[in-house]
Structure formats: C-alpha cells, structure tokens
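Data block below; observations after.
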C-alpha cells in the first residue's frame, strides 16, 4: 500500500488519498438555492445583489439566475411560468426543481447573507485555480520569477476585490454615481485632495489636478530636464503627505538623493560631491536637507534592468506592505526591458505603456513616466516637440491620459532670447485643457521655478 505524508504530520491512507483526488471544489448548493428562492419571493431585490451568474457552482442554478436577469432587464415578471419558458427555450426541463425553489425560503430578509456565501465559495474556487497557476509558473524554471510574483499578487488582489462590480452598469446607475462624486467634491473642500498637484501654480491651473488612475507621460530630448522635473513634483507630492514610489533606471539611489539635496539647498550638485571643500554653513544646510528629505514618504528603486512585470510586482508588494501609493514615477519608460523575447522593440514599448495605463487604473494611482524623444526632432529647424514625435515609440501617445513636453531653447541656441526658460507644453490632456506655460530653470542648482512668483516650489 502506497502512502504519502500529509501536511498535518500523519500518514495518509490510500482511502484518504482517493478522497482527496475526488474532492469537490468549495460550494454551497443550499445557499445558491436559498438565494434563488429569495429572488422568487421578492424579485425587486435582484438589483441589490452583487452576485454574477458565473459565481454559481451548479450549472442549472446559473441558468436560472441568468433567466432572472434577462426578465428583469426586459421589465417582465419573474415567476415560475416566465422562468420555465426561458429554460425550456434552452432545452432545459426542470419544473420540479423550480417548484422546490418557490417554497425554499418564506421571505427575502436574508437574501444578502445567501449572496455572501455564494460569492465567498466562488472566490475560494478562484483562489484554488490561482494557486495552480502560480505553482505551474513557479515550476517553470525558464520563466521569469518576477512573473510568478506578479501573478500571485495581482491574482490575489483581483480575487479579494471580486464582488460582481465588473458587470456593465446602466447609464442611470453611472449618472447617480457621478452625481454623488461631484456633490461630494462640491460640498467637501478636502474632497479634491486625492488629485495630484505638481506644485507649479501655472501648470496646476492648466491641469486642474491629475486624477487617480491617470497615466502621465513627460517627454523631451536629453538635457531638457525631464528627470529634475519629475523629481521636484515627486518631492512636492510627498511633502503634501502622499506616499510616492520613484523608479529610476538611469541613476542610483545615491545619485537621486544628491540631486534632491542640491535642489533643496541650491548647493550645486558637484559641490555636494566634494564635501571636504564645503564650508561649515553649507554642510549644515546639507545635513538639514537630508533630515527633511529622509522624513518624506518616498520609496526609491534603482533597478537598471526593470521589466514591466518587475514594476507591477514591486508596486503590488509596496501597496500590500504600506497601503495606497498615490503617485508613482518611472524614469524613463524606454529603458525598461520587455518581458517576452522575439518581439520588435516598438511592440515591447507599446506593451509597457499599455500596461502602465492599466496598472494606474488598477492601483487607483497616478503613474508619471518620463519618455525620451528620438533624434528625428534634431533634424528639423523648429525643435519644439509635437505629439507626432511620440509615434516612433509605440502607442505611448494613445495610452497616455496626459502628455507633457519639456523644451529649453538655450540648449540649442546660446544666443537665445529665452535663457533659463523651460517651456512646459501640455500637448494632450484627456480631462482638461492643453496649453503652454513657462518655468524658470537652473541646471546648476537643480531647480525649476514659477516665473510669476520667482521662487521654486518648496520641499
């Protein structure tokens, strides 16, 4: 007789192994029947339920619940005769079973309790399926381990959030939800605090706040200040009390910190890197800046070979460990590696940008990704970027909710009439206006500043 060792330490018999092999997935047919019976008692309560047809374990119960939804959508009565007609049209003759459902519960008072059981057992079945998928991926040593982590974290999150809310909604339901949302924003002065603001007043007037779920692309040629711009906004958002995650594929964490110190103290970057030559008062300012920055809720990652699966797994883990991350930055998008081989680079970039948009929506966060424009910009007389410059980089333009271009004329012309000026062009804005604003720029002191105020944003 063959035996195996069970997790609880005892030796499983052949009978126990056989029972395990034929074990049915979690389900509760009594709760399913009680739920269907409650709908028969009070059909008007059907819209209250977050139960989807697929959540029923027994196929016949799925068919009956589907009939309920069809009849309700057509504003027809839900009763023995109407449901029987739909089932019969589908080749199902189950009148005795329907008769049994009619009297299974006397009232609908416990309908939500029955629904909760149906949803829970459905999610247990999903977790079992997910566990199998994770195990298969983990056994595949040729696959990326980050993909295993992403599957586990994203799958668990999807299961825990499953409540039937992914069904299409009516325009009435959507309208009422928007009315509630707008009413809350109108009556509560703090309601808009979920939106991301950059700290640059002219730019914020143009953007009117960046809503959670948005994918923002800040693009330009090298040397325009994209990384500095992202850095200043990230630290401003953190100073407002929001958690920030910064992923930089070009710089180390030390370089990121030194740049932040330079921007805070206005001490040149190169000076900070030579501390033995720094005067005492400057050294005191540097120490103070380090203390201030260290207290901000910022997570930094300098993985140079970051893939999209890696970004997803790291963010899901951050959210699981620390809670909601309202603002995420990536510098820069085209440096990320593709997850799958044998694909053209433009296809990989398109996949990355599309998944960034999905990730922003799933995590209810703003993802701000820097993007580098191709050399084709340099080939024309007017080197100011336009949206078509992004079309060489896959579907970034289509996927982004907001596209911002950064341009500094002095980079190309020493005799420019606009020295120390950075042009910030909001070229695409799905939910608000487009337009251009100017900011003061100092590369030496790592600063952008509002021209109208004459002072950089404070962090």
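The values are calculated or read from the model by the stated rules, or taken from the named source; none is laboratory data. None of these values were measured; they are calculated from a predicted model. Reconstructed Cβ throughout: ideal geometry from the backbone, glycine too, with neighbour counts over all protein chains shown.
Observations, loosely collected:
- Residue 354, sole failed condition from (1) assigned to a helix (DSSP H, G or I); (2) in contact with a helix residue (DSSP H, G or I) (Cβ under 9 Å, 6 or more places away or on another chain); (3) without any contact (Cβ under 8 Å) to a residue 24 or more places away in the chain: (3)
- Count of the stretch 247-275 residues, restricted to those that are buried (at least 16 other Cβ atoms within 10 Å of the Cβ) and part of a helix (DSSP H, G or I), is 13.
- Residue 69 under 40 Å from the mean Cα position of the chain (by Cα), surrounded by fewer than 16 Cβ atoms within 10 Å (Cβ to Cβ) and free of Cβ contacts under 8 Å to residues at least 24 places away in the same chain: no
- Candidates 161, 241 - the one that is loosely packed, with under 12 Cβ neighbours inside 10 Å, at pLDDT below 90 and under 30 Å from residue 300 (Cα atoms): 161
- Filter pass, residue 38 being within 36 Å of the chain's Cα centre (by Cα), under 21 Å from residue 107 (Cα atoms) and crowded, with 16+ Cβ neighbours inside 10 Å: no
- Residue match in the stretch 318-325 (condition: more than 19 Å from the chain's Cα centre (by Cα) and either closer than 19 Å to residue 238 by Cβ or in contact (Cβ under 8 Å) with a residue 12 or more places away in the chain (or both)): no
- Being over 27 Å from the mean Cα position of the chain (by Cα), exposed (fewer than 14 other Cβ atoms within 10 Å of the Cβ) and at pLDDT below 90 is a property that residue 385 lacks.
- Scanning the stretch 276-296 for any residue that is without any contact (Cβ under 8 Å) to a residue 60 or more places away in the chain, in contact with a helix residue (DSSP H, G or I) (Cβ under 7 Å, 6 or more places away or on another chain) and outside any helix (DSSP H, G or I) turns up at least one such residue.
- Residue 216 vs. criteria closer than 26 Å to residue 317 by Cβ and in a strand (DSSP E or B): yes
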